[in-house]
1. Conditions: (1) at pLDDT 85 or above; (2) charged (D, E, K, R); (3) open to solvent by less than 50 Å² (accessible area, probe 1.4 Å). B:K334 meets all but one. Number of the miss?
2. Please go through segment B:214-273 and pick out each residue that is away from chain A (no Cβ under 13 Å) and among the aromatic types (F, W, Y).
3. With the checklist (1) more than 7 Å from chain B (Cβ to nearest Cβ); (2) surrounded by fewer than 16 Cβ atoms within 10 Å (Cβ to Cβ); (3) under 30 Å from B:M173 (Cβ atoms); (4) of a type in the set (D, E) in hand, flag the one item A:D91 doesn't pass.
4. For segment B:312-330, enumerate the residues that are farther than 30 Å from A:Y65 by Cα and out of contact with any Ser or Thr (no Cβ under 9 Å at 6 or more places or on another chain).
5. Taking B:N330 as meeting all but one of (1) of a type in the set (S, T, N, Q); (2) part of a helix (DSSP H, G or I); (3) more than 11 Å from every other protein chain (Cβ to nearest Cβ), write down the number of the exception.
6. Picking from B:A163, B:A188, B:A154, which residue would you name as being surrounded by fewer than 24 Cβ atoms within 10 Å (Cβ to Cβ) and either in contact with a strand residue (DSSP E or B) (Cβ under 7 Å, 6 or more places away or on another chain) or over 30 Å from B:E240 (Cα atoms) (or both)?
7. Only one of these conditions is not met by A:G35: (1) more than 8 Å from chain B (Cβ to nearest Cβ); (2) over 25 Å from B:M91 (Cβ atoms). Which number is it?
8. Determine, yes or no, whether B:G125 is part of a helix (DSSP H, G or I) and surrounded by fewer than 21 Cβ atoms within 10 Å (Cβ to Cβ).
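The values are calculated or read from the model by the stated rules, or taken from the named source; none is laboratory data. In this text the structure is predicted, and so the values were computed from the model without any measurement. We place every Cβ from the backbone using ideal geometry, glycine too, and count neighbours over all the protein chains shown. When the accessible area is computed, the model is the full protein with side chains, heavy atoms only, and any ligands, DNA or RNA have been set aside. Shrake-Rupley method; radii C 1.70, N 1.55, O 1.52, S 1.80 Å.
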Amino acid sequence: MNTNYLPSDYLPIVVQLLAALGFIVGSMLVSHNIGPKRHSKKKDDPFECGIPTEGDARTPISVKYFLVAILFVLFDVEIIFLYPWAVNFLDWMKESREMAIAIFVEMILFMGLLLVGFYYIIRKGVLNWNQ
Amino acid sequence: MDSTVFIVRSIIIFVIFGITLLIATYSTYAERKVAAFLQDRLGPNRAGPFGIWQPLADAVKMFTKEEFIPAQANKWLFIAGPCFAMLTALMASAVIPFGDTVQYEGQFIAVQGIDINIGILWIFGIVSLGVYGVMIGGWASNNKFSLLGAIRAASQNISYELAMGLSIIAILMMSGSLSLRDMVNQQATPFLGVSGLNWNIFYQPVGFIIFLTCAFAECNRTPFDLPECETELVGGYHTEYSSMKLGFYLFAEYINMFVSSAVISALYFGGFNFPGQAWVASLLPAGALGHNLLTSIGVVVFFGKIFFFIFFYMWVRWTLPRFRYDQLMNLGWKTLIPLAILNIVVTGAGLLFDFKPATWLIVIFVVVLAVISAAQPRKTMRPQQSTV
């Protein structure tokens, strides 16, 4: 397995980015230039099932969505902590079994704490969408 | 990296890019044909034999339609939304190992856009950026339906991303690498005496189910297509879109389906390995020719697996009804996340006690629970009969 990666190994990503950007900008320009354009006041209104538009869409929305976003940030950070642990797990197994067991128990403690918080938010009704 | 390798890599990237676009285009055709087959209809059959030029006709239609921007929309964000969705969809295919190495003038060149050791993290990073495209587009439209669709999409995608990230960890523990190529190569060893069949699905059935469910939710596919559910939200986040901008949103969905099918095949179904590949290799001539032939068979097999999963997406679309929003969130948070954590713990314990297929115990446990709960008499929820 190659373990020494140079920054230049990532150069093909730039090629892919340029290809994707070229495709997107190209087709946007083409479709912008060959389509018809006819405007009218009624037509330019936001679609609202045929009835006259009432206000705009910059209205407050349910706080549940915000809570889900906050919880996502918390949990995602904890999941990222698990990644290096998971990748190195086999190496610790090879080194010594006792060490692997100790580290495994530590991670169970970490996930236990995570689950305590998880239980708390469920009991708080954060994920209760019926109310 | 010397310039020859760089040029070869660039060529591979352009080929993969073209194949991605081609498969995404023809997925739209396949979707309609599969839908027609499952509903006992004919499907598109006017443009060319069996309607195979239908995607081209659709593309021409998309290009020549009026490009509509609502007066109240944020113009630049409105344009940026679909472009961003498309960009993130197109960037993810770079790290997928489509085949083993090609031997050319004594050098072994991997059939892969970029052979980096953080492949799966790259895919996760790019896929999680995809939510911005939907969110920007839905918000910029300044339409209530679009906004609701976009917020649903964002909230659904981030919720299922957690379970997806957790389900991968069990695979990482078993493979000890973040590189998709290493994970695929580890699945080449014999399983029950059959070479190339040591697939992760035999050790990680629970992880696979979780990952598959989350992949459906991440691609906004039925039964999780609430962001664009036409019965209540008109068109969801792309209500106001027309012409190629709408095309980008739809196209990005098909590219995401292709990429996620490729990732599922690589992670759980052996990637380019196929049963009996050692036997096939012994039949082929030795040296560069045989090696390259084996690689090309592997690439074909890998695409076969990808096509199966793309078909599976379409099959499920016409089989399962859409979830309700609270059901969707409950499934993601209260079922998949705890199950994924349980999966990690059982996998870890299994590795410590040298019993790799330990997660089958979870499957057995869940099946037993289901049988017990099915055997119990049901609480009837019949409405009170009116006496009038």
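1. Among (1) at pLDDT 85 or above; (2) charged (D, E, K, R); (3) open to solvent by less than 50 Å² (accessible area, probe 1.4 Å), the lone unmet condition for B:K334 is (3).
2. Matches in segment B:214-273: B:F216, B:F224, B:Y254, B:F258, B:Y268, B:F269, B:F272.
3. Status for A:D91: all satisfied but (1).
4. If the condition is that a residue be farther than 30 Å from A:Y65 by Cα and out of contact with any Ser or Thr (no Cβ under 9 Å at 6 or more places or on another chain), then B:W315 is the only one that fits.
5. Here B:N330 meets the rest and fails (3).
6. B:A188
7. All conditions are met except number (1).
8. Against the criterion (part of a helix (DSSP H, G or I) and surrounded by fewer than 21 Cβ atoms within 10 Å (Cβ to Cβ)), B:G125 qualifies.
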